[in-house]
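The values are calculated or read from the model by the stated rules, or taken from the named source; none is laboratory data. Treat the numbers as computed from the prediction; the structure is a model and nothing was measured. Here the Cβ positions follow ideal geometry from the backbone for every residue, glycine too, while neighbour counts run over all protein chains shown.
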Amino acid sequence: MEYNKLRWVYLFALSLIWGSSFILMKYALVGLTAMQVGALRILITSVFIILLGFRKILRINRRHWYYLTLSGFLGSFFPAFLMAYTVERMDSAVVSILNSLTPLNTLIIGALIFGFSFRKRQLIGVLIGLFGTLMLILKGAELNPNQDYFYSSFIIIASIFYALNINILKKYLHDIDALTITVGNFVVLILPTLILLWFTGFFSTFEFTESSITGLGYLIVLAIFGTGLAKLMFNRLIQISSPIFSSSVTYIIPIVAITWGVLDGEKISFIQFIAAFIILLGVYMVNKAK
């Protein structure tokens, strides 16, 4: 399949996987703490990815390890905890909406720090998508006045980390394949994750109860599909498309997450569906061919 078509396949597959990850995180938090969800998500993913492609480690050049480490922490480690703490205190659908700031941050950081160029049409598309996102946020706040919106700042920070990661991958790691990048990312995260779990007393205090076992079940699905396989696909998507196109997956994710939220009893309004359409229009503007 040619790259122009393949990138759209990856985009919508990732939207479905990552859009479902927020509800999985919500269910995992019923039996686990936010710290446990973040750390165990990284640990389980690390084991899965290394078993899948451990031979790739020997193919990584010394000059790549610095950027693989940055990419691992910015694209996976810190966001895993920021997301978990936010989903613990806000509706999963609203969190996914806030995550839609990633394309705007990718465009700004790519231009200011990494020297990537962009077209005026792309900026307009990002702003249209951002407008739709703001509509979703404001209506969500109206429908859910008891949500702790202080934690929305965590998602804004996570979206900046994602934007930095996308630009690092595109500029400095474009010459190695997606599996090698993913393996390198998670190899460097195993030790800090184990140290973090040790100092939080997880290994001595964790109890296997019915709720914690159920939470682990959801977390395993989240780690393997929502982090492991999705990161492989996303790293490949970045290689065959632009940073802006890759980050626009976060505009479609809320539509999937909102659907899951409605099925789980979270509130949604007609205005939010209109906002979702505006978001899709923004994605089209960003990625429209010349």
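Key figures
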quantity	calculated
Any hit, segment 74-85, residues being in a helix (DSSP H, G or I) and free of Cβ contacts under 8 Å to residues at least 40 places away in the same chain	no
Checking Ser159 against (1) in a helix (DSSP H, G or I); (2) over 21 Å from Leu24 (Cα atoms); (3) of a type in the set (S, T, N, Q), the condition it does not meet	(2)
Checklist (1) under 22 Å from Tyr85 (Cα atoms); (2) more than 17 Å from the chain's Cα centre (by Cα) applied to Leu51, failing item	(1)
Selection status of Gly184, of a type outside the set (A, V, I, L, M) and without any contact (Cβ under 8 Å) to a residue 40 or more places away in the chain	no
Any helices (runs of 4 or more DSSP H) falling wholly within segment 180-290 and containing at least 2 residues that are more than 19 Å from Gly38 (Cα to Cα) and not aromatic (Phe, Trp, Tyr)	230-240, 243-247, 249-263, 270-287
Count of residues meeting criterion [within 12 Å of the chain's Cα centre (by Cα) and β-branched (Val, Ile, Thr)] in segment 158-170	2
Residue pairs meeting the criteria (Cβ under 7 Å; at least 6 apart or on separate chains; first of a type in the set (Phe, Trp, Tyr), in segment 248-267; second modelled with pLDDT under 85 and buried (at least 21 other Cβ atoms within 10 Å of the Cβ))	Tyr251/Ser100; Tyr251/Pro103; Tyr251/Gly129; Tyr251/Ile279; Tyr251/Gly282; Tyr251/Val283
Those residues of segment 169-211 which are hydroxyl-bearing (Ser, Thr, Tyr), buried (at least 17 other Cβ atoms within 10 Å of the Cβ) and closer than 30 Å to Val30 by Cα, in sequence order	Thr182, Thr193
Identity of the residue in segment 16-39, outside any loop (DSSP other than H, G, I, E, B) and among the β-branched types (Val, Ile, Thr), that ends up surrounded by the fewest Cβ atoms within 10 Å (Cβ to Cβ)	Ile17
